[in-house]
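Colleague: Mind looking over this structure? Questions follow.
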Amino acid sequence: MAREVSFRRRRAFYLWNRRRDYFMSSLWAGGVVLVIFAAVALVLANLDATREAYHHVLSSRLTVGFDGFALSHTVEEWINDGLMAVFFFVVGLEIKREIIAGQLASVRQAALPVAAAVGGMVVPALIYAVINRGTPYVAGWGVPMATDIAFAIGVLSLLGSRVPVSMKIFLTALAIVDDLGAILVIALFYTAEINFAALAAAACVFLLLVLLNRFRVYRMRYYMIPSLLLWVLFLHSGIHATIAGVLIAMTLPSDPRYGRKYFLYKSRFLLENFRHNDREGVEVLSNHRQFHDLYALRRIAGEAISPMQRLEHALTPVVNFLIMPVFALANAGVSLESFSDLQIFGTTMGAGIFWGLVVGKPLGIVLASWIAIRTGVAVMPKESGWRVLWGVACLGGIGFTMSIFIDNLAFGGTPFVAPGKIAVLAASLCAALLGAVVIGLLAKKDRPGGKTGPVAK
């Protein structure tokens, strides 16, 4: 009986681990968790029992450092400037990977997502700028430009086989280029007064990181202190500190210490040694030679993966299931004192954000893609057509994390922040539903290429 109970427990534990691993590795999981935490934030910010405590925690100051040098910020500022720097670091790793070996590695491959991303940034910004010309809200033109990669890819993954794999790759590359554009917009247009002394010191530290890469330093511990220092200097320079995360990512080695051939040779040698040192009835615990063989095999296996790839693999779950949910929890909590707050959609700011994301994004993506394909610069992805492209373009209107982030930068310290967040949340929800409906209704009827342009071979 005891053995039967023990077996059931082990089986239940095994099944739980399998379900957890499946969820953690699913493309849609990050988007689901993000939505849940955003909903929790809205509830906490509007319930009488939790409203005061919620805002008190976010506004509480947290000081890190020592006498003579200390960083003192609110919890919300630590999340937006500190945790989001890690988010942008992972974004930088993704951008670098795509440029080196992904969809942006060649001009032919990169042409369509780059063109689509540029169109998807320019048209929403123009729509917003036209609607808000001459108003106090004009600084928010960057809000409808962004696409939330985790949310968009999550919704696309939920649609399953209706979407060809090529279109999923296209949306991923588009969102990565879009993130790069958002990073440039933040650095160039949403920057306070620049402290040139701090910026010069940051340039020196960045040069040090580049030299570490140049001299093929693979140990990540040598990058840690300069990276932390670079973030602190950017924090004091006037340029948003999250940009430091992207710059750090660009300096990490993208090639492994040991190549594929050397790894194959060395691993075979160590496995042969392991077999040679095997003694019947003696486990590795007491067989020191086998222990050293396994330890050496583990070390060279790690060195056969580039530091950039190791960090991206390790940090992606942290970003998807910790940093982005915490960001949503801190920033999506908009207090709705009354339904009159929803009248923002009747104002120029709300209209600019909403129509920029829901209409401007898909229109810009499809228009730029049509021009690129018609001119022969790019080709339509395999097994795809214009109907699927329209659906995917609608999903590009899911701004969420990045749009809320830019909203904080554009309207920080003003009463416009909260209404901007409401417009972003509503527009992102509508874009997700619209994209799902368009793909669900039209994707099966689509035919690759048609008469509109060439299709990738």
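The values are calculated or read from the model by the stated rules, or taken from the named source; none is laboratory data. Since we're looking at a predicted model, the values are computed, not measured. Don't worry about glycine lacking a Cβ; one is built from the backbone with ideal geometry, like all the others, and counts go over all protein chains shown.
Colleague: Name, by its number, the condition in (1) farther than 30 Å from ASN80 by Cβ; (2) assigned to a helix (DSSP H, G or I) that does not hold for GLU312.
Modeller: Exception for GLU312: condition (1).
Colleague: Quick check on the range 73-121: of everything there that is of a type in the set (Phe, Trp, Tyr) and within 27 Å of GLY364 (Cα to Cα), which residue is surrounded by the fewest Cβ atoms within 10 Å (Cβ to Cβ)?
Modeller: PHE87
Colleague: Among the small types (Gly, Ala, Ser) and assigned to a loop (DSSP other than H, G, I, E, B): is that true of ALA105 in this structure?
Modeller: Judged against the criteria, ALA105 is a match.
Colleague: Restrict the check to the range 138-156 and report whether at least one residue is closer than 22 Å to ALA378 by Cα and among the aliphatic types (A, V, I, L, M).
Modeller: no
Colleague: In the range 328-349, which residue that is modelled with pLDDT under 70 and of a type in the set (S, T, N, Q) is nearest to ALA410 (Cα to Cα)?
Modeller: Result: GLN343.
Colleague: What single numbered condition from (1) in a helix (DSSP H, G or I); (2) within 18 Å of the chain's Cα centre (by Cα); (3) farther than 22 Å from LEU188 by Cα fails to hold for GLY397?
Modeller: Failed condition: (1).
Colleague: Only one of these conditions is not met by ALA301: (1) more than 30 Å from LEU247 (Cα to Cα); (2) among the aliphatic types (A, V, I, L, M); (3) in a helix (DSSP H, G or I). Which number is it?
Modeller: The failed condition is (1).
Colleague: Right, here's the next one. Taking the range 271-298 only, how many residues are surrounded by fewer than 16 Cβ atoms within 10 Å (Cβ to Cβ) and outside any helix (DSSP H, G or I)?
Modeller: 6
Colleague: Residues GLU94, GLU52, GLU4, GLU76: which one is modelled with pLDDT of 85 or more and not assigned by TED's automatic domain parsing to the domain that holds SER166?
Modeller: Within the list GLU94, GLU52, GLU4, GLU76, the selection yields GLU94.
Colleague: Scan the helices (runs of 4 or more DSSP H) fully inside the range 151-268 and keep the ones with 3 or more residues being outside the structural domain of PHE69 (by TED's automatic domain parsing), out of contact with any Asp or Glu (no Cβ under 8 Å at 6 or more places or on another chain) and among the aromatic types (Phe, Trp, Tyr).
Modeller: Here the list reads 221-237.
Colleague: Does VAL143 count as over 16 Å from GLY92 (Cβ atoms), modelled with pLDDT of 90 or more and assigned to a loop (DSSP other than H, G, I, E, B)? Show your work before the answer.
Modeller: Working: over 16 Å from GLY92 (Cβ atoms): yes; modelled with pLDDT of 90 or more: yes; assigned to a loop (DSSP other than H, G, I, E, B): no.
It is false that VAL143 is over 16 Å from GLY92 (Cβ atoms), modelled with pLDDT of 90 or more and assigned to a loop (DSSP other than H, G, I, E, B).
Colleague: State whether one or more residues within the range 147-155 are surrounded by fewer than 16 Cβ atoms within 10 Å (Cβ to Cβ), touching a residue at least 40 places away in the same chain (Cβ under 8 Å) and either closer than 30 Å to ALA368 by Cα or in contact with a helix residue (DSSP H, G or I) (Cβ under 7 Å, 6 or more places away or on another chain) (or both).
Modeller: no
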